[in-house]
1. Please determine whether any residue of segment 190-208 is buried (at least 17 other Cβ atoms within 10 Å of the Cβ), over 15 Å from the mean Cα position of the chain (by Cα) and under 30 Å from residue 16 (Cα atoms).
2. It is to be established whether one or more residues within segment 225-244 are at negative phi, surrounded by fewer than 19 Cβ atoms within 10 Å (Cβ to Cβ), touching a strand residue (DSSP E or B) at 6+ places or on another chain (Cβ under 6 Å) and modelled with pLDDT under 95.
3. Could you list, in sequence order, all residues of segment 15-43 that are surrounded by fewer than 16 Cβ atoms within 10 Å (Cβ to Cβ) and under 20 Å from residue 68 (Cβ atoms)?
4. Mind listing just one residue for me: the one in segment 253-272 that is touching a helix residue (DSSP H, G or I) at 6+ places or on another chain (Cβ under 7 Å) and crowded, with 18+ Cβ neighbours inside 10 Å and, of those, nearest to residue 119 (Cα to Cα)?
5. Can you spot a residue in segment 225-235 that is outside the structural domain of residue 98 (by TED's automatic domain parsing), over 25 Å from the mean Cα position of the chain (by Cα) and farther than 30 Å from residue 287 by Cβ?
6. For residue 290, all conditions in the list (1) modelled with pLDDT of 95 or more; (2) touching a strand residue (DSSP E or B) at 6+ places or on another chain (Cβ under 8 Å); (3) in the same structural domain as residue 178 (by TED's automatic domain parsing) hold save one; what is the number of the exception?
7. Testing residue 221 on (1) in contact with a strand residue (DSSP E or B) (Cβ under 6 Å, 6 or more places away or on another chain); (2) under 26 Å from residue 273 (Cβ atoms); (3) at pLDDT below 95, one condition comes back false. Which one is that?
């Protein structure tokens, strides 16, 4: 094995936090991985890791060499990116991660079209509502919803996020049509809650078409961790909910749901749907897939038409 590959193994051991996780990432056993790290240390003439029975820590030399290894990885990616830019069409491996609903509803049909158009592409689509570490888990592109945290990743906005307050017709028949935000938040709510994301607050005006926005706490009688279950609970009349329009997989008239308090101004919460990738110079494979996704979703996103005249509501 070349010293370059040994350095990459060393980097993954540190990023994964264990030999076993790094070994699984490369489909090799722990002893083989450990031997490669030992050979690397022998080749360099310095100890990179202080090992104990259950853990390890970087030596001073290990910290400096890890820093240079990250530069090496960036250089290698740039070399591959330059080479890829000369390809006539996308080819190779594309590893994608996305939230479950986004992947099932919007990426799945795009992947089908993409593979049909480019049969030399191999796609891995990993769906999880918990955010993956793109670098450590070796993903080429991630699709994310919400606010972007500060990082060295590059992001392209795919669509705006637009919110609505909805309930089933049976819920409205039971509790009445709320006329104020105070009346609304006194009613049972279905709340999306997964990891560090819990949508149990509504930021809106206190009166119709008001300018000043305030935050109101919802009575989250039922909390769920995935979008389909949340939408099913709303349709079953268990509560109203604050949803993003992309949660509607068909026009609202076909769901038995109705929008509530549409004359109240509703915050967009400065969120969006983004394609996120590790390097500023995209490979042709990544940029072409993002283009396919953007074309499928449209600008503005096609789900914005699922509530008639939405752009005149919640203003």
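1. Yes, some residue in segment 190-208 is buried (at least 17 other Cβ atoms within 10 Å of the Cβ), over 15 Å from the mean Cα position of the chain (by Cα) and under 30 Å from residue 16 (Cα atoms).
2. Yes, segment 225-244 has at least one match.
3. 38, 39, 42, 43, listed by residue number.
4. Looking at residues that are touching a helix residue (DSSP H, G or I) at 6+ places or on another chain (Cβ under 7 Å) and crowded, with 18+ Cβ neighbours inside 10 Å, I get 257.
5. Yes - at least one qualifying residue is present in segment 225-235.
6. It fails just one condition, (3).
7. With (1) in contact with a strand residue (DSSP E or B) (Cβ under 6 Å, 6 or more places away or on another chain); (2) under 26 Å from residue 273 (Cβ atoms); (3) at pLDDT below 95 applied to residue 221, the lone miss is (2).
Each row is one residue, and each column tells you yes or no for (1) closer than 20 Å to residue 218 by Cα; (2) in contact with a helix residue (DSSP H, G or I) (Cβ under 9 Å, 6 or more places away or on another chain); (3) buried (at least 17 other Cβ atoms within 10 Å of the Cβ).
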residue: 154; (1), (2), (3): no, no, no
residue: 157; (1), (2), (3): no, no, no
residue: 176; (1), (2), (3): yes, yes, no
residue: 181; (1), (2), (3): yes, no, yes
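The values are calculated or read from the model by the stated rules, or taken from the named source; none is laboratory data. Quick caveat: nothing in here was measured; it's all calculated off a predicted structure. We place every Cβ from the backbone using ideal geometry, glycine too, and count neighbours over all the protein chains shown.
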